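K.L.:
First the structure, then my questions, so here it is.
The values are calculated or read from the model by the stated rules, or taken from the named source; none is laboratory data. Keep in mind that this is a model prediction, so the values were computed, not measured. Reconstructed Cβ throughout: ideal geometry from the backbone, glycine too, with neighbour counts over all protein chains shown. Note: accessible area is taken over every heavy atom of the protein model, side chains too, but ligands, DNA and RNA are not part of it. Shrake-Rupley method; radii C 1.70, N 1.55, O 1.52, S 1.80 Å.
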Amino acid sequence: VGLRNYVQMFTEDPRYWRSVVTTLTYVVIAVPLQLALALVVALALKNMRHGKGFYRSAFYAPSLLGASMSIALVWRALFNDGGTVDHLFGNGGWINRPGWSLLAVALLTVWQFGAPMVIFLAGLQQIPAELYEAAAVDGAGKWRQFVSVTVPMLSPVLFFNLVLQTIQAFQ
């Protein structure tokens, strides 16, 4: 009976394949956005002189709260029909529309970017300043330094964050 249930699920159940597509869509939307936001904030915090501890804590706090009931109620109020986001964009509520509800849930995940941000910050602090100085002497601007120094030196950390956040998104 158990094996027959799996055969039926893979061959006859359209809800299974719809859920697989929805999950993959969610992962493809949420993970890159979350990692990009975490990297941008980590880059901003790396060179900050004053209030570093406060801002690190403030950006990490949503990760501690997670998807608790209170946060879920706030996000529901924001994205529901007549909510703040509906007033700004006027699309009839994100939660009530299937095409938009997945994006609202993905944004809730993206908002919790604190853990990958801390990991990126640790990786950024391990990059020797001499590499940036050498790139500047060679005439590289900020963008070129990011592409030629930061990204290659941060690639193991980026891969680690990618794997970690992908696993979390599939959960």
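K.L.:
Sort through Tyr60, Tyr26, Tyr6, Tyr55 and tell me the only one that's modelled with pLDDT of 90 or more and among the aromatic types (Phe, Trp, Tyr).
P.N.:
Tyr26
K.L.:
Still on this model: Does any residue in the stretch 33-61 that is under 20 Å from Phe146 (Cβ atoms) and touching a residue at least 40 places away in the same chain (Cβ under 8 Å) come within less than 7 Å, Cβ to Cβ, of a residue that is open to solvent by 50 Å² or more (accessible area, probe 1.4 Å) and of a type in the set (A, V, I, L, M) six or more places away or on a different chain, and which pairs are these?
P.N.:
From residues that are under 20 Å from Phe146 (Cβ atoms) and touching a residue at least 40 places away in the same chain (Cβ under 8 Å), the pairs are Leu35/Leu162.
K.L.:
Ser68 - would you say it is under 23 Å from Ile167 (Cα atoms) and modelled with pLDDT of 80 or more?
P.N.:
Here the answer is no, as Ser68 does not meet what is asked.
K.L.:
Does Ala122 meet the test of being surrounded by fewer than 18 Cβ atoms within 10 Å (Cβ to Cβ), touching a residue at least 12 places away in the same chain (Cβ under 8 Å) and on the phi < 0 side of the Ramachandran plot?
P.N.:
It is true that Ala122 is surrounded by fewer than 18 Cβ atoms within 10 Å (Cβ to Cβ), touching a residue at least 12 places away in the same chain (Cβ under 8 Å) and on the phi < 0 side of the Ramachandran plot.
K.L.:
Right, here's the next one. Under the condition of being farther than 20 Å from Ala115 by Cβ, open to solvent by 40 Å² or more (accessible area, probe 1.4 Å) and not polar (S, T, N, Q), which residue from the stretch 142-166 is nearest to the chain's Cα centre (by Cα)?
P.N.:
Val151
K.L.:
Okay, moving on. Which residue pairs have Cβ atoms closer than 6 Å, lie 6 or more positions apart in sequence or on different chains, and pair a first residue in the stretch 125-148 that is in contact (Cβ under 8 Å) with a residue 24 or more places away in the chain with a second residue that is open to solvent by 50 Å² or more (accessible area, probe 1.4 Å)?
P.N.:
Ile127/Met153
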